[in-house]
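What follows is a set of notes on a single structure, which appears directly below.
Bear in mind that the values in this text are calculations on the coordinates, not laboratory data. Keep in mind that this is a model prediction, so the values were computed, not measured. Methodologically, a virtual Cβ is constructed for each residue, glycine included, from the backbone with ideal geometry; neighbour enumeration extends over all protein chains shown.
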């Protein structure tokens, strides 16, 4: 959640495990040859309808 709310606690899901936290990109990066920053960067295009980032 706090990757979007800005409270300064990126790993705190505020009691809701469905919220996105800083842990999510770190865990996603363990599945391939990438790091947490790249995994985080890849989230935005994945939320766009056609899979590309907005211009």
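With a Förster radius of 22 Å, plug the Cβ-Cβ distance of residue 9 and residue 48 into 1/(1 + (r/R0)^6) and report the FRET value to the nearest 0.05.
0.20
Just from its helices, what would the mean residue ellipticity at 222 nm be for the chain, if runs of 4 or more DSSP H residues each count -39500 (n - 2.57) and the sum is divided by every residue, rounded to the nearest 500 deg cm²/dmol?
-8500 deg cm²/dmol
With a 10 Å radius around each residue's Cβ, average the other Cβ atoms per peptide and rank 8-19, 31-42, highest first.
Going by the mean number of other Cβ atoms within 10 Å, highest first, we get 31-42, 8-19.
Where does the chain land on Rg(C-alpha)/(2.2 N^0.38 Å)?
Computed over Cα atoms of the chain, the ratio equals 1.20.
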